[in-house]
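Comments concern the structure below.
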Amino acid sequence: MSLTRVYPVAPGARAPETVDLKDADARDRLASLYSTPKRKWLRLNFVTSLTGNTAGTDGTSDSLSSRTDRAVLGVIRRLSDVVLVGASSVRAEGYLLPRTTPLAVITSSGNLTGHRIPTDIAGGRLLVICPDDVAGRVRSGLPSAVDVIPIDSDSKVVPVEQVLAALRARGLANIVCEGGPTLAAHLVKAKLVDELCLTTSPILGEVRLPLLSGAVEDGRLSLAQLLVDESDALYARWMFPERPATA
């Protein structure tokens, strides 16, 4: 398994840089390719088909992913302080706790039925963010080591600005959001996203679940990096327009 950086190519290089994932230094080299320019950073990380579908034939992203994609996913997670995901995506994808990075789950309803939460979970490994009116019910159904973060909200949708503020107040500045499409759309609409890490699998198919679900403004991103693997999957880093320093 290998990844070749086709953009940008280093000046004067005779050939594009290639990372063999079997090499002992592969993880460090991937980490340098995916490092963030700032400590405070928010990424979206998705895998899609060529038609922009985030769910494959099995109804999850697994049938679009690969060992190489999962290697990139692991590196991005290790570079992040926390993985952020919506509760419905946890159920649909059958999420397990990441090995190296805490998981933060947003639930508006407080319904965590179907979530695989170990009873012996260590403190700081799982955070559940929910409206304050369901926080008591959420706490009662979880191991005591889970950190429940109530958000004061009059809306049925937890405000994403308050979610990020709550995470960063806990020192979790570098965040990767892995879905779902509705949460990603809310973050984009609020102009909170710095980067989209997008793996494009060379598969055509009906769009069952789009990359973003919900209205977002038209906009243009800039390509910072493009890798390609041996199966013709593409790994792009797309940068959102830089926000003012106070944002």
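The values are calculated or read from the model by the stated rules, or taken from the named source; none is laboratory data. Computed from a predicted model, the values in this text were never measured in an experiment. Methodologically, a virtual Cβ is constructed for each residue, glycine included, from the backbone with ideal geometry; neighbour enumeration extends over all protein chains shown. In case anyone asks, the SASA skips ligands and DNA or RNA and just uses the protein heavy atoms, side chains included. Shrake-Rupley method; radii C 1.70, N 1.55, O 1.52, S 1.80 Å.
Between rounded, prolate and oblate, where does the range 92-184 land on the alpha carbon gyration tensor, with a ≥ b ≥ c its root eigenvalues, rounded for a/c under 1.5, else prolate if a/b exceeds b/c?
rounded
Short version: ³J(HN,Hα) in whole Hz for each residue of the range 144-154, in order, from phi by Karplus 6.51 cos²θ - 1.76 cosθ + 1.60 (θ = phi - 60°), x for Gly and Pro, what are they?
With coefficients 6.51, -1.76 and 1.60, one gets 5, 6, 6, 8, 8, 10, x, 10, 6, 8, 8 Hz.
Between residue 13 and residue 165, take the C-beta separation as r, use R0 = 51 Å, and let me know the FRET efficiency to the nearest 0.05. Numbers along the way, then the final one.
Values: r = 42 Å, r/R0 = 0.83.
According to the calculation, E is roughly 0.75.
Can you work out the accessible area per residue across the chain, with the rest of the protein chains kept in place, probe 1.4 Å, in square angstrom?
51 Å²
So what is the relative contact order for the chain, in percent, with contacts set as C-alpha pairs under 8 Å and at least six apart?
Relative contact order comes out at 27 percent.
Along Cα→Cβ, 7 Å out, is where each label goes; now give me the distance between the ones at residue 125 and residue 109 in nm to one decimal.
With each label point 7 Å from Cα toward Cβ, the separation is 2.7 nm.
Could you work out the local net charge near residue 135, counting Lys and Arg as +1, Asp and Glu as -1, over the other residues with Cβ closer than 14 Å to its Cβ?
-2
Residue 2's amide H: which non-local residues (gap 5+, or another chain) put their own amide H closer than 5 Å, with H modeled 1.01 Å from N in plane and none for Pro or chain starts?
21, 230
Go ahead and estimate [θ] at 222 nm for the chain from helices alone: -39,500 (n - 2.57) per DSSP H run with n ≥ 4, summed, over the residue count, rounded to 500.
Calculated from helices alone, the mean residue ellipticity at 222 nm is -6000 deg cm²/dmol.
Taking the convex hull of the Cα atoms, report for the range 1-117 its projected area averaged over all directions, in nm².
Taking the Cα atoms of the range 1-117, their convex hull projects to 9.6 nm² on average.
Size of the dipole of the range 1-69 about the Cα centre, Lys and Arg at +1 and Asp and Glu at -1 on the beta carbon, nothing else charged, in debye to 20?
With only Lys, Arg, Asp and Glu charged at Cβ, the dipole is about 420 debye.
Please enumerate, by chain and number, the lysines with C-alpha under 28 Å from the C-alpha of residue 189, excluding those fewer than 8 residues away in the same chain.
Reachable lysines: 38, 40, 156.
How large is ³J(HN,Hα) for each residue in the range 172-183, as worked out from phi by the Karplus curve 6.51 cos²θ - 1.76 cosθ + 1.60 (θ = phi - 60°), to whole Hz, x for Gly and Pro?
Once rounded to whole Hz, the list reads 9, 7, 9, 10, 10, 9, 10, x, x, x, 6, 4.
Lys and Arg at +1, Asp and Glu at -1: add these up for the other residues within a Cβ distance under 11 Å of residue 76 and post the number.
My count for the surroundings of residue 76 gives +2.
Could you give each residue of the range 219-236 its phi-based ³J(HN,Hα) in whole Hz, using Karplus coefficients 6.51, -1.76, 1.60 with θ = phi - 60°, and x for Gly or Pro?
Listing the rounded values in order: x, 10, 9, 10, 7, 9, 6, 9, 10, 9, 9, 6, 9, 6, 6, 10, 10, 10 Hz.
Take the alpha carbon atoms of the range 1-69, find their center, do the same for the range 203-237, and report the distance between the two centers in whole angstrom.
12 Å
I need the fraction of alpha carbon pairs in the range 172-246 separated by more than 15 Å, rounded to a whole percent.
Result for the distance tail: 64 percent.
Relative to the Cα centre, what is the charge dipole magnitude of the chain, using +1 at the beta carbon of each Lys and Arg, -1 at the beta carbon of each Asp and Glu, and rounding to the nearest 20 debye?
That gives the chain a dipole magnitude of about 460 debye.
Given 0.36 nm per residue, what is the gain on full extension from residue 206 to residue 6 after removing their alpha carbon distance, in nm?
Separation in residues times 0.36 nm, less the Cα-Cα distance, equals 69.1 nm.
As I understand it, the dipole of the chain uses +1 on the Cβ of Lys and Arg and -1 on the Cβ of Asp and Glu, about the Cα centre. Which of 181, 199, 42 lies farthest toward its positive end?
Of 181, 199, 42, it is 42.
Assigning unit charges at the beta carbon (Lys, Arg +1; Asp, Glu -1) and nothing else, what dipole magnitude in debye, to the nearest 20, does the range 162-236 show about its Cα centre? Walk me through the intermediate numbers first.
Numbers: 6 positive and 9 negative charges, 103 e Å.
Value, rounded to 20: 500 debye.
For the range 10-65, report the convex hull volume of the alpha-carbon atoms normalised per residue, in Å³, without decimals.
Spread over its residues, the Cα hull of the range 10-65 gives 166 Å³ apiece.
Can you list residues from other chains, or at least 5 along the same chain, whose modelled amide H is less than 5 Å from the amide H of residue 41?
So residue 41 has HN proximity to 174, 175.
Give, in nm to one decimal, the length gained when the segment between residue 25 and residue 58 is fully stretched (0.36 nm per residue of separation minus the Cα-Cα distance).
So the extension gain works out to 8.5 nm.
For the chain, give the percent of accessible area contributed by carbon and sulfur heavy atoms, probe 1.4 Å, rounded to a whole number.
52 percent
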